[in-house]
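Read through the structure below, which is laid out as structure tokens, and then see the notes.
Rule-based calculations on the coordinates, nothing more; no lab input. Just so you know, these numbers come straight off a predicted model, no measurement behind them. Because the Cβ atoms are built from the backbone with ideal geometry, glycine has one as well, and the counts that use them run over all protein chains shown.
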Amino acid sequence: MMRLLTIPIGTFLLWLMVFMTGCTLTRPVSDPTRFYILEALEPQPAAESREDATGFEGLAVGLRRVQLADYFNTPAIVVRTGENTLRYSNFNRWAEGLDRGTARILRESLRHHPAVASVLLFPEASREPVKYEVEVFLALCEAVEKPDGEGAFRFAADWKIYETERRAMVSRGEFTREGNWEPGDYAAFARSVSGACAELGRKIGREIGEMEE
């Protein structure tokens, strides 16, 4: 007569746990994280060449590292959900540091101004002769989810221009931009930030051009 094999309940449960763990480990897991990057927008064609507009071949400008407010110095896109509340969207992240991305767009925008021949980043700018140095503090860069379901984006920066030879600040200003945003459309938010950065660069370029007139 065939005897039934008996297994202690503890051993059976251990085997069952190992089996289920193996099934979980071999199951493909999708990563929901999405990465976004700032893009340089198409520059508006200049009406005049550098020589025609300024009478010289253009300036060399140094761009210092962009400083960020601490609360959004993070790879996660920051979403404001209330007057004093934030959410860090960990599944929607910047593909590069926001300070580096902002500096890249500012550099491209400045380089297309007729008064500017080249834009050097630090530490390179400290080794080359530049007439002006630009300093930018990014004070605000956030998506906003409103209680009524609508959304917005907010961008604000302070900028300063220093004359290298005199080691003196010769100009400063503030720049703000706000607009609509469809909550959840982080690609559109990245495009809005790109546009704001490019516009900030054009504003600084115009300021430098006016100082050279």
* To do: Taking the Cα atoms of the stretch 70-213, report the difference between the largest and smallest coordinate on each principal axis, in whole Å and largest first.
  => 51, 27, 25
* Take peptides 73-82, 138-147, 106-115 and line them up by average Cβ neighbours within 10 Å, highest first, as a rough protection proxy. => 106-115, 138-147, 73-82
* How many nm separate the modelled label positions at ARG87 and ARG191, each set 7 Å beyond the Cα in the direction of the Cβ? -> 2.3
* Structure fact -> Toy charge model, Lys and Arg Cβ at +1, Asp and Glu Cβ at -1: the stretch 70-213 dipole around Cα centroid in debye, rounded to 20, equals 280
* Environment charge at ASN73 (Cβ cut-off 15 Å; Lys +1, Arg +1, Asp -1, Glu -1) -> -1
* Of the peptides 30-37, 182-189, 200-207, how do they stack up when ordered by the mean number of other Cβ atoms within 10 Å, highest first? -> 200-207, 182-189, 30-37
